[in-house]
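Novice: Below are the structure tokens for one structure; questions will follow.
The values are calculated or read from the model by the stated rules, or taken from the named source; none is laboratory data. Computed from a predicted structure; not experimentally measured. Methodologically, a virtual Cβ is constructed for each residue, glycine included, from the backbone with ideal geometry; neighbour enumeration extends over all protein chains shown. The accessibility values were calculated without ligands, DNA or RNA, using every heavy atom of the protein model including side chains. Shrake-Rupley method; radii C 1.70, N 1.55, O 1.52, S 1.80 Å.
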Amino acid sequence: MRIMPTRSSTTTAVSGRHALVTGASSGLGADFARELAGRGAGLTLVARREDRLRALQRELAAVGTDVRVVALDLNEPGAPDRLAAGAEADGLPVDVLVNNAGFGLYGPFSELDWERERAMLELDMIVPVHLTKLFLPGMLARRAGWILNIASIGAYQPSPLYASYSAAKSFVLNFTEALSYELRGSGVVATALSPGIVATEFRQVAGQRTTRYQRMVMMDSPTVVRLGVDALLKGRPSLVPGRLNAASVWANRLLPRRASAALVHRLMV
């Protein structure tokens, strides 16, 4: 079990609050749960794989965290509404919403299975917007709340072989930065976290073998999560974690769009 963070102004901001984390059964989602637990938040963990959620619940309960588990496929019709209704029925105002659930698909666009791709687009775009729509009014009424949406470094450039995934993450990035501006002065903040390559199950699910480039730039999940939560609690509208990733995004703006696409393609094969 990793060591929980030390207390600071950003650590204590969510102490005693309740956080809802989607996609919490592994990878970034599980580490978001651990990070927020270490900062004193209670948790509702949402994912399809109940066995993994229960294991994480036991881990966090052992250090005194109040954890609830909701085994739910957010792609099912009406799932976000059921999740919000369950939180209301349990008397648990959601103060921190981490829209982490999502996945990518790797390969030529013409060869991807449409039903799988449609599910990806819904989970990566529609679900986080819907959950934000459901939980934001309560945050505004309390004049306190934090919304963290997971985008990707791919949101900043055209990404051949991840064409629709990166386009979806561009939507998440722009939606979140616009929402962040709308929320100024309300007591509620929204932040988009755009990781690069992270040591999780993402590439396995996407159907991509890890390239030499990806091994060189890969970050560990707990570090990405810590940086993301720090950015959220500081009220930043967006963050690209890692100096190399941030430099890459900055440099990419200097390239013609077609050259950017060609470079990304070369790094993905």
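Novice: Can you pull out the GluC sites (Glu not before Pro) in segment 32-65 whose DSSP state is coil and whose Cβ has at most 10 other Cβ atoms within 10 Å?
Specialist: Listed in order of number, the matching sites amount to none.
Novice: Show the residues, 5+ positions off or on another chain, whose built amide H is closer than 5 Å to the amide H of residue 219.
Specialist: 197, 198, 199
Novice: Now for a separate question. Write down the percent of antiparallel bridges among all DSSP beta bridges whose residues are both part of segment 127-268, to the nearest 5. Spell out each step's value before the answer.
Specialist: Details: 0 of 9 bridges.
The answer is about 0 percent antiparallel.
Novice: Can you pull the accessible area of residue 130 for me, 1.4 Å probe, Å² to the nearest 10?
Specialist: Using a 1.4 Å probe on the heavy atoms, I get roughly 60 Å².
Novice: Follow-up question, since we're still on this one. Set Lys and Arg Cβ to +1 and Asp and Glu Cβ to -1, take the dipole of segment 48-90 about its Cα centre, and tell me which of 69, 56, 79 lies farthest positive.
Specialist: Of the candidates, 56 comes out farthest on the positive side.
Novice: Would you calculate a helix-derived [θ] at 222 nm for the chain, using -39,500 (n - 2.57) for each DSSP H run of n ≥ 4 and dividing by the full residue count, to the nearest 500?
Specialist: Working: 12 runs with 129 residues, N = 269.
Result for the chain, helices only: -14500 deg cm²/dmol.
Novice: Mind jotting down the distance between the C-alpha centroids of segment 111-162 and segment 34-52, whole Å?
Specialist: The two parts, judged by their Cα centres, are 19 Å apart.
Novice: What is segment 103-250 by shape, rounded, prolate or oblate, if you read a ≥ b ≥ c off the alpha carbon gyration tensor as root eigenvalues and call it rounded for a/c under 1.5, prolate for a/b larger than b/c, and oblate otherwise? Working shown, then result.
Specialist: On the way: a/c = 2.26, a/b = 1.44, b/c = 1.57.
Note, shape of segment 103-250 comes out oblate.
Novice: Just the accessible area for residue 113, please: 1.4 Å probe, Å², rounded to the nearest 10?
Specialist: We get 90 Å² for residue 113.
Novice: Taking the Cα centre of the chain as origin and charging only Cβ (+1 Lys, Arg; -1 Asp, Glu), how large is the dipole, in debye to the nearest 20? Show your work: numbers first, answer last.
Specialist: Values: 31 positive and 23 negative charges, 199 e Å.
In total the dipole reaches around 960 debye.
Novice: Hey, another quick one. Please calculate how many Å² of accessible area segment 53-135 carries per residue, with a 1.4 Å probe and no DNA, RNA or ligand atoms counted.
Specialist: Result: 48 Å² per residue.
Novice: Working from Cα positions, state the angle (0 to 90°, nearest 10) between the long axis of helix 127-142 and the longest principal axis of the chain.
Specialist: 40
Novice: List the trypsin sites (Lys or Arg not before Pro) within segment 135-216 that fall in a DSSP loop (any state other than H, G, I, E or B) and whose Cβ has at most 16 other Cβ atoms within 10 Å. Before the final figure, lay out each step's value.
Specialist: Details: sites: 142, 143, 169, 184, 203, 209, 212, 215; in loops: 143, 184, 209.
Filter output for segment 135-216: 143, 184, 209.
Novice: Can you send over the solvent-accessible area of residue 90, 1.4 Å probe, protein chains only, in Å² to the nearest 10?
Specialist: Near enough 100 Å² of accessible area.
Novice: Additional query: Sum up the charges of everything whose Cβ sits under 12 Å from the Cβ of residue 100, counting Lys and Arg as +1 and Asp and Glu as -1, but leave residue 100 out.
Specialist: Working: positive: none; negative: 31, 35, 124.
For residues surrounding residue 100, the net value is -3.
Novice: Within the accessible area of the chain, what % is carbon and sulfur when the probe is 1.4 Å and the other protein chains stay in place?
Specialist: Details: 6960 of 12660 Å².
Ligands and nucleic acids excluded, carbon and sulfur reach 55 percent.
Novice: For segment 176-249, which GluC sites (Glu not before Pro) are in a loop by DSSP, counting at most 16 other Cβ atoms within 10 Å? Intermediate values should be presented prior to the final figure.
Specialist: On the way: sites: 177, 182, 201; in loops: 201.
Counting only loop positions with at most 16 other Cβ atoms within 10 Å, the GluC sites (Glu not before Pro) in segment 176-249 are 201.
Novice: For the chain, with the dipole built from +1 on Lys and Arg beta-carbon atoms and -1 on Asp and Glu ones, taken about the Cα centre, which of 100, 259, 195 lies farthest toward the positive end?
Specialist: 259
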